[in-house]
Amino acid sequence: QLQAYGGGLVQSGGSLRLSCLVSGTMIRFADVGWYRQAPGKERELVAGSTSRNTTDYAASIKGRFTISRDNAKNTAYLQMNNLRTEDTAKYYCKLDVPRLTSWGQGTLFTVSS
């Protein structure tokens, strides 16, 4: 199971950190991704982190967002800096291990101008 939290309201230019607490699977063996879905838009990949510790970022957030993980806490994070109004969306974490993909319930945050 995945539980994403940390959403809320933040001003443009501000920072926020989302967390994804994983249970039932050891995150160290999994690929983790953060996705977002804005109203009226399709869900898109924001950042990914593999079990081999490689990372990938969408062009729109590169340099502003950082994905990380704490294997001891079995938790993945998305640190978001210099937030923009277009970052407003519901953010989901996703976990991939062989033969299983799991999604968290999503956490919503709004960036105000």
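The values are calculated or read from the model by the stated rules, or taken from the named source; none is laboratory data. All values reported here derive from a predicted model rather than from experimental measurement. FYI the Cβ positions are ideal-geometry reconstructions off the backbone, even for glycines, and counts take in every protein chain you see. Areas reflect the complete protein model, heavy atoms only, side chains present, ligands, DNA and RNA absent. Shrake-Rupley method; radii C 1.70, N 1.55, O 1.52, S 1.80 Å.
Could you work out the local net charge near Gln105, counting Lys and Arg as +1, Asp and Glu as -1, over the other residues with Cβ closer than 12 Å to its Cβ? Before the final figure, lay out each step's value.
Details: positive: Lys90, Lys94; negative: none.
Surrounding charge for Gln105 is +2.
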Rg (Å, one decimal) plus Dmax (Å, integer) for the alpha carbons of the chain? 13.2, 42
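If you place +1 on the Cβ of every Lys and Arg and -1 on the Cβ of every Asp and Glu, how big does the dipole about the Cα centre of the chain come out, in debye to the nearest 20?
So the dipole magnitude of the chain works out to roughly 120 debye.
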For region 1-103, accessible area per residue (1.4 Å probe, heavy atoms of protein chains only), Å²: 56 Å²
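Less than 13 Å Cβ to Cβ from Ala4, Lys/Arg counted +1 and Asp/Glu -1: what total charge do the surrounding residues give?
Values: positive: Arg17, Arg36, Lys90, Lys94; negative: none.
Summing Lys/Arg as +1 and Asp/Glu as -1 gives +4.
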For Asn81 and Lys41 in one chain, what is 0.36 nm times their gap in residues minus the Cα-Cα distance, to one decimal in nm? 12.2 nm
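Roughly how many percent of the accessible protein surface of region 53-98 is carbon and sulfur, given a 1.4 Å probe and a whole-percent answer? Before the final figure, lay out the partial values.
Details: 1010 of 2230 Å².
Carbon and sulfur: 45 percent of the exposed surface of region 53-98.
List the GluC sites (Glu not before Pro) in region 1-105 that DSSP assigns to loop (not H, G, I, E or B) and whose Cβ has at most 12 other Cβ atoms within 10 Å. Which are they? Present the calculation step by step, with values, prior to reporting the outcome.
Details: sites: Glu42, Glu44, Glu86; in loops: Glu42.
Sparse-neighbourhood loop GluC sites (Glu not before Pro): Glu42.
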